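Have a look at the structure below before the remarks.
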Amino acid sequence: MDTTETLANAAQHAVSSSVTALFTFLLVAMIITLALEEKIHAKKSLIVSLYAAVALILAGMLHLLPFGPVELPNGHEIEEPVYIPAIDWGVIAIILGSSIFVDVTSRSGLFSWIAIKLTKASKGEPLLLLWYYGIMTVVFSALLNNVTAMIIVGSLTAVSLEKLRQNDKLLGFLLIEGLLTNIGGLLTLISSVPNIIVGNAAGISFVSFVIKAS
């Protein structure tokens, strides 16, 4: 019975294939524009904002976004702009909180201290240092979002290799760390933006997500 109701609801909220094709084209166009960023001399933030505005306008014209008043807990209703219901404030709050935490922690010198300790523990052996940074990448990617983790670990790797005079190995280190950050990004609810979006939309708890991901 539940399956039948789910299928019925899905059919009721289904959109036409032409609308899907339209937004698919818009997505592909945005990706191509981002790839040609240097040639068209435009910033990524400007490009994404422009396409987001176009998407919102089209969604409003095609009635894909909810209109009408929003009911407050006290029973009152307020009118909100059409783009408000499209914003997942829970996801934004998690990303904002993680970014603030990382910025404050980096100013405390913790990450630099970790880099120094790892460099000393490796005793100048690049392979051993790679193991240390690989583990650090997975842990950071699981506890922070993977983009932030890669920025931190990548910058620390560059510092460590420069001190060891092994700058020629930097690209190899970064490639391996980039692969490992994807592994760490699957482990927890806050480790990547897709995890945050899916978990928040599905109402999955942090512990449940970790258990299922493990």
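Quick rundown of the values:
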| quantity | calculated |
| --- | --- |
| Members of the range 102-116 that are charged (D, E, K, R) and either over 16 Å from Phe140 (Cα atoms) or touching a residue at least 12 places away in the same chain (Cβ under 8 Å) (or both) | Arg107 |
| Every residue from the range 194-214 that is hydrophobic (A, V, I, L, M, F, W, C) and part of a loop (DSSP other than H, G, I, E, B) | Ile204 |
| In the range 60-106, the residues that are more than 30 Å from Met150 (Cβ to Cβ), modelled with pLDDT of 75 or more and surrounded by 13 or more Cβ atoms within 10 Å (Cβ to Cβ) | Gly60, Leu62, Leu64 |
| Subset of the range 107-137 [among the small types (Gly, Ala, Ser), assigned to a helix (DSSP H, G or I) and loosely packed, with under 15 Cβ neighbours inside 10 Å] | Ser112, Ala121 |
| Boolean, Phe140 is surrounded by 14 or more Cβ atoms within 10 Å (Cβ to Cβ), more than 26 Å from Pro126 (Cα to Cα) and aromatic (Phe, Trp, Tyr) | no |
| In the range 161-180, residue nearest to the chain's Cα centre (by Cα) [restricted to those that are under 18 Å from Ser112 (Cβ atoms) and among the charged types (D, E, K, R)] | Glu177 |
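The values are calculated or read from the model by the stated rules, or taken from the named source; none is laboratory data. Quantities reported herein were computed from a predicted structural model and do not represent experimental measurements. Please note: Cβ atoms are built from the backbone with ideal geometry, for glycine as well, and neighbour counts cover all protein chains shown.
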